[in-house]
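To keep things clear, I will list the structure first and then write my remarks on it.
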Amino acid sequence: MKQSLQLRTSQHLALTPQLQQSIRLLQLSTLELHQELEQLLTDNPLLERLDDPLDHSVRLLADGAISQSSAPAEAPAEGPPGQQQDAPAPAEAEPYEGGEGEAAPEGEMDWGDAGRGKTPDDEDARPQLEANHRTLREHLMEQMRVTVLEKRDRALVEIIIDALDENGYLEEPLEEILARLPEELEIEPEELHTALTLLQSFDPVGVGARNASECLALQIKRMPHVPLVTRRMALTIVEQHLAWFAQRDFNKLKKALQCDDEDLREAQAVIRQCNPHPGAAFASDVSDYVVPDVIVKKARNGWQVSLNNDVMPRLRVNAMYANLLKQGKGEGAMGAQLQEAKWLIKNMRQRFDTILRVAEAIVERQKNFFSHGAVAMRPLVLREIADTLGLHESTISRVTTQKYMLTPHGMFELKYFFGSHVATEAGGEASSTAIRALIVQLTGAEDPKNPLSDSKIADMLGEQGMVIARRTVAKYREALKIPPVSLRKSL
């Protein structure tokens, strides 16, 4: 076959580096955005951040107002939309000219020193450090050093402490612990049982238990001011009938214990005071804190949506390097870094502008939620917001993922306001979020002695005009982490 050269013209979509960066910034959460920004600031010397989190220089103005110290007034500063600037940016013809800095205006004082009348070395000015976290092992070892004197006993107790799990349970049998110890130590099984008994006398009460039944029994035995009859009944329940108690099968319990409702209710109150996970209080899990991206407040003319200024970084191009490039004294690589800095500032502004537009569209369609709560939520899909703003559904999905809105009803992810619909008898639609809220209301107001079944809840929703199946109610109830009817029943 003969080879030949041909010239063809075609069109295809291509993601430019600027567009790729814009999409990436849009899908990042607030925490991920600031981590990404710190890396970009390190890599690009032409990029500066005006709101440095480590800069706490606050000034007290002469009239008593407080303002955050930031960049020089002449320097050009760019940031996301709605961000208040310290000084207006210069004309676009000369975008990078700026001064080296200026002294504080007359009449201003440094809030850290003169404003408080204390020196920087004052105790209040020192950073507050988080206390060291004490683990369960450290807590038990400290008690062992005080209560156990013999070195051999200490070693055995320490072996058992090392075998505890994070909840304070000893899941490994004593026989297995004894089998992996050196035979030349000549440790008897009775010695390990004695060491375990010593450990079970430590705080927190219930530590060293081998199962939930033993853990609850250890705590009930050490409870003060409990009548003897009630204590015996509670011990019998946790040691012999814990499965019936967990299933709330009160008829079998009353028959096995030969007691009435009042006696069983007193024993139940004692068991509920116990902690089935005594070591969980020493867990090192760190709580995750959510910072809102947008804030919704009630205004005279309706609901007002604004960006959270605390999460909006203020960026600018370094004036000194920009002037060197303008005079032709910079290197070739600096030109590319200048362009990257300008792209980042523009994409950052576009990110927050898109978040604000989407949040405003959501609030406009969910006015009833902000006025009356979750029961008034209306059905909403991504396409409705996308068509309104002229954006793609994928863009709306990126904006609403891991972005949070602070409302008078609490903190919600933007995805919370989207939900499927359920038909009503009147031919309308009800949001699945509103149905979940109604299920929470119905189960919260039910009679504990006669809780509502899933079928009964479906019938009650049907009386309000919402056509919903029993299995759908069960799915929503499980998603809300509401126990089934058998576990919600009480005496």
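The values are calculated or read from the model by the stated rules, or taken from the named source; none is laboratory data. This is a predicted model, so every value here is computed, not measured. Counting neighbours? That spans all protein chains shown, and the Cβs are built from the backbone with ideal geometry, glycine included. Quick note on the areas: whole protein, heavy atoms, side chains included, nothing else; ligands and nucleic acids left out. Shrake-Rupley method; radii C 1.70, N 1.55, O 1.52, S 1.80 Å.
Of the residues in segment 307-317, none is in contact with a strand residue (DSSP E or B) (Cβ under 9 Å, 6 or more places away or on another chain), surrounded by 15 or more Cβ atoms within 10 Å (Cβ to Cβ), modelled with pLDDT of 90 or more and among the β-branched types (Val, Ile, Thr).
Among the residues making up segment 150-169, those that are surrounded by 15 or more Cβ atoms within 10 Å (Cβ to Cβ) and within 31 Å of the chain's Cα centre (by Cα) are Leu164, Asn167, Gly168, Tyr169.
Residue check: is Trp303 closer than 30 Å to Thr30 by Cβ and either open to solvent by 30 Å² or more (accessible area, probe 1.4 Å) or in a loop (DSSP other than H, G, I, E, B) (or both)? Steps first, answer last, please.
Details: closer than 30 Å to Thr30 by Cβ: yes; either open to solvent by 30 Å² or more (accessible area, probe 1.4 Å) or in a loop (DSSP other than H, G, I, E, B) (or both): yes.
Judged against the criteria, Trp303 is a match.
Checked against (1) in contact with a Pro (Cβ under 6 Å, 6 or more places away or on another chain); (2) open to solvent by 50 Å² or more (accessible area, probe 1.4 Å); (3) not assigned by the TED database to the domain that holds Val294, Arg349 meets all criteria but (3). Condition check: open to solvent by 20 Å² or more (accessible area, probe 1.4 Å) and at pLDDT 90 or above. Does Ser490 satisfy that? Taking the combined requirement at face value, the residue does not satisfy it. Of the residues Glu158, Glu190, the single one that is over 13 Å from Leu140 (Cβ atoms) and outside the structural domain of Gly279 (by the TED database) is Glu190. Residues in segment 212-229 that are surrounded by fewer than 17 Cβ atoms within 10 Å (Cβ to Cβ) and under 14 Å from Arg265 (Cα atoms): Pro227, Val229. Taking (1) touching a helix residue (DSSP H, G or I) at 6+ places or on another chain (Cβ under 8 Å); (2) loosely packed, with under 14 Cβ neighbours inside 10 Å in turn, Cys259 satisfies each apart from (2).
Of everything in segment 426-441 that is open to solvent by 30 Å² or more (accessible area, probe 1.4 Å) and modelled with pLDDT of 85 or more, the residue that is farthest from the chain's Cα centre (by Cα) is Gln441. A single entry from Gln21, Gln39 fulfils the requirement of being at pLDDT 50 or above, closer than 30 Å to Gln327 by Cβ and open to solvent by less than 50 Å² (accessible area, probe 1.4 Å): Gln21. The criterion of at least 3 residues that are charged (D, E, K, R) is met, among helices (runs of 4 or more DSSP H) falling completely within segment 206-294, by 228-240, 250-257, 261-272.
Among the residues of segment 315-325, not a single one is assigned to a helix (DSSP H, G or I), within 28 Å of Leu47 (Cα to Cα), among the aliphatic types (A, V, I, L, M) and within 32 Å of the chain's Cα centre (by Cα). Across segment 352-367, the qualifying residues are those that are touching a residue at least 12 places away in the same chain (Cβ under 8 Å) and of a type in the set (Asp, Glu), and the one among them that is least open to solvent (accessible area, probe 1.4 Å) is Asp353. Apart from one condition, Ala234 fits all of (1) outside the structural domain of Phe282 (by the TED database); (2) of a type outside the set (S, T, N, Q); (3) open to solvent by less than 30 Å² (accessible area, probe 1.4 Å); the exception is (1).
Tallying residues that are surrounded by fewer than 19 Cβ atoms within 10 Å (Cβ to Cβ) and closer than 25 Å to Cys274 by Cα within segment 175-195 yields 2.
Within segment 187-212, residues that are touching a residue at least 60 places away in the same chain (Cβ under 8 Å) have Cβ atoms under 7 Å from residues that are open to solvent by 70 Å² or more (accessible area, probe 1.4 Å) and part of a helix (DSSP H, G or I) in these pairs: Pro204/Ala281, counting only partners at least 6 apart in sequence or on another chain.
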